[in-house]
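Visitor: The structure's right below; bear with me while I get my questions together.
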Amino acid sequence: MPPEKRARGRPRAFNDQTDQNTIKSLDRAVQVLETLAALQSSTLSALAQAMGESPATLYRVLITLQNRGMVDLDDAAQTWHIGSGAFLIGASFLRRTALVDVARPFLRQLMEATGETANLGVERGDQVLFVSQVETHATIRAFFPPGSLSPLHASGVGKALLAQWPADRLNRHLARTTLHQFTPHTITAPDALRDNLALIAQRGYAVDAEEKNIGMRCIAAPVTNALGETVAGISVSGPTSRMDVASLQSIAARVKAAARDLSLAMGARPDPAP
């Protein structure tokens, strides 16, 4: 039997979990978090006894975790607890997993209804991170594979997200951010971007009209959750030869409907009847 082929990007001993392939200090820190979570709270001595470790060793681990917000110390009771940093990491995983899984059928339906590639993107700093995509069957198509990043001001999803920001947050963003020009159509003046975002907020969808790539157009709408928070943007993108000006309104209506349905699936409240 020929030797088993090794997957690219993995070391030769990727299935080997011996000491040479583990970081002992990191493993101990994870064990501390797991034990503290199980105990809910603990003094240093009780935690050391539960883990069979010396208090001095665990204290260094706890201080390191505390500096990262992963654990907290109640000074009065001298007890340690899981911190907000650990919660934020876990909550981020849950939100992203739920969003991507729930969005998948809506992306597929949107692609089939419009004939163009459907995308799901979330805000990451000053950029859009594309986390899911359903490609069109057409030969010429837009392609934003999961993991791709795009500036907020030069993408349909990015502008759909920016349009939901309060004015003070948007002003801070524009004060510290250079609006890079990618094509002659990129909006690079802050006041012009504000005007465009106001229009997006009014009509409920954003258009990237060749602002990042010549010959490509994108239409996007925001997705909200049960708390009314904007958590993502959903879009379709394709060549201007198919997504022409005459078809914008009909495609935008489908994108808005997909964003509404996905928002409802994420727990958002339906809009009140007019």
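Visitor: Is there a residue in region 42-53 that is modelled with pLDDT under 90 and more than 30 Å from R260 (Cβ to Cβ)? Write out each step before concluding.
Guide: Quick first cut of region 42-53, residues modelled with pLDDT under 90 only: none.
No, because not a single residue in region 42-53 is modelled with pLDDT under 90 and more than 30 Å from R260 (Cβ to Cβ).
Visitor: On the basis of being assigned to a loop (DSSP other than H, G, I, E, B), surrounded by 12 or more Cβ atoms within 10 Å (Cβ to Cβ) and either touching a His at 6+ places or on another chain (Cβ under 7 Å) or not aliphatic (A, V, I, L, M) (or both), does Q181 make the cut? Break it down into steps so the answer makes sense when it comes.
Guide: Details: assigned to a loop (DSSP other than H, G, I, E, B): yes; surrounded by 12 or more Cβ atoms within 10 Å (Cβ to Cβ): yes; either touching a His at 6+ places or on another chain (Cβ under 7 Å) or not aliphatic (A, V, I, L, M) (or both): yes.
So Q181 fits the description; yes.
For every residue, the table says whether it meets (1) among the charged types (D, E, K, R); (2) within 20 Å of P239 (Cα to Cα); (3) at pLDDT 95 or above.
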position	(1), (2), (3)
D126	yes, no, no
L129	no, no, no
H153	no, yes, yes
Q164	no, no, yes
T186	no, yes, yes
A189	no, no, yes
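Visitor: Answer yes if at least one residue in region 205-226 is more than 23 Å from the chain's Cα centre (by Cα), acidic (D, E) and farther than 14 Å from H153 by Cα, and no otherwise.
Guide: No, there is no match, as no residue in region 205-226 is more than 23 Å from the chain's Cα centre (by Cα), acidic (D, E) and farther than 14 Å from H153 by Cα.
Visitor: Can you tell me which residues in region 245-267 are farther than 17 Å from A209 by Cα and touching an Asp or Glu at 6+ places or on another chain (Cβ under 9 Å)?
Guide: Residue satisfying the conditions is R260 alone.
Visitor: Continuing with this model, one more query. Given the residues S54, S45, which is the only one that is among the small types (G, A, S), farther than 24 Å from G90 by Cβ, over 34 Å from the mean Cα position of the chain (by Cα) and surrounded by 11 or more Cβ atoms within 10 Å (Cβ to Cβ)?
Guide: Details: S54 fails: surrounded by 11 or more Cβ atoms within 10 Å (Cβ to Cβ).
None of the other options fit; the residue is S45.
Visitor: For region 132-151, which positions are under 17 Å from A232 (Cα atoms) and of a type in the set (S, T, Y)? Show your work before the answer.
Guide: Residues of region 132-151 under 17 Å from A232 (Cα atoms): 132-134, 144-151.
Within region 132-151, S132, S148, S150 meet the criteria.
Visitor: Let me ask something additional. Quick check: anything in region 206-225 in the same structural domain as E116 (by TED's automatic domain parsing), over 21 Å from V128 (Cβ atoms) and either free of Cβ contacts under 8 Å to residues at least 60 places away in the same chain or surrounded by 12 or more Cβ atoms within 10 Å (Cβ to Cβ) (or both)?
Guide: At the first step, the residues of region 206-225 found to be in the same structural domain as E116 (by TED's automatic domain parsing) are 206-225.
Subsequent filtering for residues that are over 21 Å from V128 (Cβ atoms) retains none.
No, that holds for no residue.
Visitor: Could you check region 132-151 and list, in sequence order, the residues that are of a type in the set (V, I, T) and either more than 21 Å from the chain's Cα centre (by Cα) or modelled with pLDDT under 90 (or both)?
Guide: Of the residues in region 132-151, the ones of a type in the set (V, I, T) are 134, 136, 139-140.
Those that are of a type in the set (V, I, T) and either more than 21 Å from the chain's Cα centre (by Cα) or modelled with pLDDT under 90 (or both): T136, T139, I140.
Visitor: While we're here: Among the residues of region 1-39 satisfying the criterion of being at pLDDT 85 or above and among the polar types (S, T, N, Q), which is surrounded by the fewest Cβ atoms within 10 Å (Cβ to Cβ)?
Guide: S25
The values are calculated or read from the model by the stated rules, or taken from the named source; none is laboratory data. Since we're looking at a predicted model, the values are computed, not measured. Ideal geometry is used to build each Cβ from the backbone, glycine not excepted, and the neighbour counts take in all protein chains shown.
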